[in-house]
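Working notes, beginning with the structure itself.
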Amino acid sequence: MIRALNLLAFVVAAALAVALYIAKTEAQGAQERLADLQEQLSEERRQINVLQVEVAHLEDPERLRTLARRYLGFEPLDPAREVAMSDLPLLIEQGREPYSDDLLASDSGAGAEVVPAGGRP
């Protein structure tokens, strides 16, 4: 009987040892996966930071202004070309294009010489 009890205790101890080994191995694997994921996460964050800096550079207003001048021929608007919102109905009634290149704003906008675009009267 003592022999059977010793044998049973040995089998239980061996089963617990195997279970402990399996649990330890799985925990190590999980820790390694966690370390890999943390490394990937830090790399992704670094790449996000690099892209944010690149976007900030690409959206820099001075850079965009320079590119617009160089490739598109855009220049800042001359304040003399601005038309007040209150003058738009008057210009449209007269058959004038408020966005015409020849429109030069004055205080009232009515005295500005306007060349109709597209052959409009």
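How large is ³J(HN,Hα) for each residue in the range 35-41, as worked out from phi by the Karplus curve 6.51 cos²θ - 1.76 cosθ + 1.60 (θ = phi - 60°), to whole Hz, x for Gly and Pro?
Karplus values, whole Hz, x for Gly and Pro: 4, 5, 5, 5, 5, 5, 5.
When the Kirkwood radius is taken over all Cα pairs of the range 2-69, what Stokes-Einstein diffusion coefficient follows at 25 °C and 0.890 mPa s, in µm²/s? Working shown, then result.
On the way: Rh = 17.3 Å.
Translational D for this selection: 142 µm²/s.
Quick one: if you stick a label point 7 Å off each Cα along the C-beta vector at residue 35 and residue 71, how many nm between them?
Taking the two extended label points, one gets 4.7 nm.
Each value in this text was obtained by applying a stated rule to the coordinates, not by laboratory testing. These figures come from a predicted structure and were not determined experimentally. Cβ: placed from backbone, ideal geometry, glycine included. Neighbour counts: every protein chain shown.
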